[in-house]
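The structure appears below as structure tokens.
Taken together, the values in this text are just the output of simple stated rules run on the coordinates, not laboratory data. Because the structure is a prediction, the values reported are computed rather than measured. Positions of Cβ are backbone-derived with ideal geometry, glycine not excepted, and every protein chain shown enters the neighbour counts.
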Amino acid sequence: MKLPWKGKAKWWMIISAVFLSATGFCYYLLAEPGGRLSSLSALNDRPTAVQPQQQSISEKNPEQAQAGQSVEDRLVNELRTFYGKTISEKSTQVILLKVRKFIMRLFPEDGETRFYNILKRAFPDLADEIMKVLKKLEQYQLWLEENAARLSGMSSIEKQGLLWEKRKELFGDDADEIWSDEVLAYEKRKQNVRDALDFLDKSDDIPIHEKLDLYKTSLQEAYQNSPEAYVLQNKDMLAKVFFGIDSVQNELKGLEPEQRKLEINRIRQEMGFSPDQIERLEQMDEYRNHRWEKGLAYMEEREQAAAELEGEDLETRLKELREKHFKHEAKTIELEEKDNFFRFDRPRVYGRN
């Protein structure tokens with residue numbers, strides 16, 4: 001691995017996609033604005049055939065994307081947006097295993113049914129085929145876990161031979177597409193960026209401007225001259241990922257509001273945003289600050305009401321609180337809560353939500 005930053009700091013010697021892992025992708029849908037999911041999914045798991053100009057609803061306008069939509073509605077829209085053009089390809093279908101696992105963790109009682117219904121709405125002609133592919137992929141992953149010790153004791157050639165034998169057994173000729181050289185190289189690029197992000201997550205002793213330099217360098221090394229080079233042009237998505245890094249948030253949270261605003265604007269400037277874009281984003285930040293103030297006040301009153309009331313009395317009180325704090329958005333908040341999604345229970349991510 002190249003170390004273009006060698007000599008800058010001793011901590012950087014171990015650093016080496018960004019294309020949001022699909023887990024990232026799901027978390028983004030449910031948590032945006034806020035949380036690194038969205039970012040990591042856009043950077044790590046979007047198929048290479050998707051063109052850079054495609055943006056999810058949430059990327060274009062997170063607040064608008066959530067208005068009046070259930071969790072399932074948002075997932076259906078995002079699946080179509082990110083994977084619609086290549087969903088007939090097995091290499092795209094296998095990516096959705098992470099989406100399925102996320103939904104099953106989110107809804108443990110009926111996650112499998114919810115995921116299938118989402119697939120049926122997003123890709124009605126392919127939903128059953130996709131489910132079969134994902135079942136086979138789960139079999140393959142289980143086999144890997146059960147044979148981990150055996151595989152670790154093999155030579156590289158023996159290991160690859162056994163892996164391909166199992167892949168062919170489960171997927172037939174489709175294995176060549178799923179594990180093509182291009183896909184393997186793509187996975188390597190993803191892993192390199194994940195390594196950098198994991199390192200930065202824990203780097204509280206590195207100043208934020210040096211984190212940004214390392215982040216940008218890691219992306220250039222991973223994606224420049226690759227099929228996913230267009231990722232480098234999506235500054236909105238790249239900024240979301242950077243603001244989602246734990247150590248970046250730790251530093252921003254420690255600043256006074258005015259200092260924080262200046263630092264966020266400086267980061268956006270270095271990420272390539274124009275002065276007009278930075279001004280608009282600053283206005284959005286102020287709007288979000290106001291929403292968080294209202295939201296946290298609502299959650300506090302909601303918790304108090306839940307401790308004192310129950311049944312219809314509680315529901316009546318919650319309706320009053322939603323209308324008091326959110327007015328015309330009260331219905332949206334109610335729909336989210338019915339899906340067991342509480343947007344103001346999520347972490348506050350400065351620069352994103």
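Taking other Cβ atoms within 10 Å as a rough exposure proxy, M154, M131, M237 sort from fewest to most as M154, M131, M237. The Cα center of region 172-220 and the Cα center of region 224-291 differ in position by 20 Å. Taking the fewest neighbouring Cβ atoms within 10 Å as the starting point, the ordered list for S152, S70, S218 is S152, S70, S218. With bins 10 Å wide beginning at 0, the percent of Cα pairs of region 144-214 falling in each bin runs 16, 29, 28, 17, 10, 0.
Taking a ≥ b ≥ c as the square roots of the Cα gyration tensor eigenvalues, with a/c under 1.5 meaning rounded and otherwise prolate when a/b beats b/c, else oblate, which class fits region 68-201?
Values: a/c = 1.82, a/b = 1.54, b/c = 1.18.
Verdict is prolate for region 68-201.
The distance separating the Cα centre of region 315-341 from that of region 111-145 comes to 33 Å. Ordered by the count of other Cβ atoms within 10 Å of each Cβ, fewest first, T86, T92 give T86, T92.
Between their Cα atoms, which of K202/K253; K90/K235; K90/K159; K135/K202 are more than 27 Å away from each other? Result: K90/K235; K135/K202 exceed 27 Å.
When N is the residue count of region 247-353, what does its C-alpha Rg come to as a fraction of 2.2 N^0.38 Å? List each step's numbers first, then the result.
On the way: Rg = 17.1 Å, N = 107, 2.2 N^0.38 = 13.0 Å.
Computed over Cα atoms of region 247-353, the ratio equals 1.32.
Here's the list of lysines a cross-link from K327 could span, going by alpha-carbon distance under 17 Å and ignoring same-chain residues fewer than 8 apart: K294, K319. When each of the peptides 304-311, 315-322 is scored by the mean number of other C-beta atoms lying within 10 Å of its residues, the order from highest to lowest reads 315-322, 304-311.
Check cross-link reach from K168 to the aspartates and glutamates: straight Cα distance under 13 Å, and skip same-chain residues fewer than eight apart. Filter leaves D176, E177. Under a Cβ-Cβ cut-off of 14 Å, what is the net charge of the residues other than Q304 that fall near it, where Lys and Arg count +1 and Asp and Glu count -1? After counting each charged neighbour, the total is -4.
Electrostatic bookkeeping for P108 treats Lys and Arg as +1 and Asp and Glu as -1; over the other residues with beta carbon under 12 Å from its beta carbon, the sum is 0.
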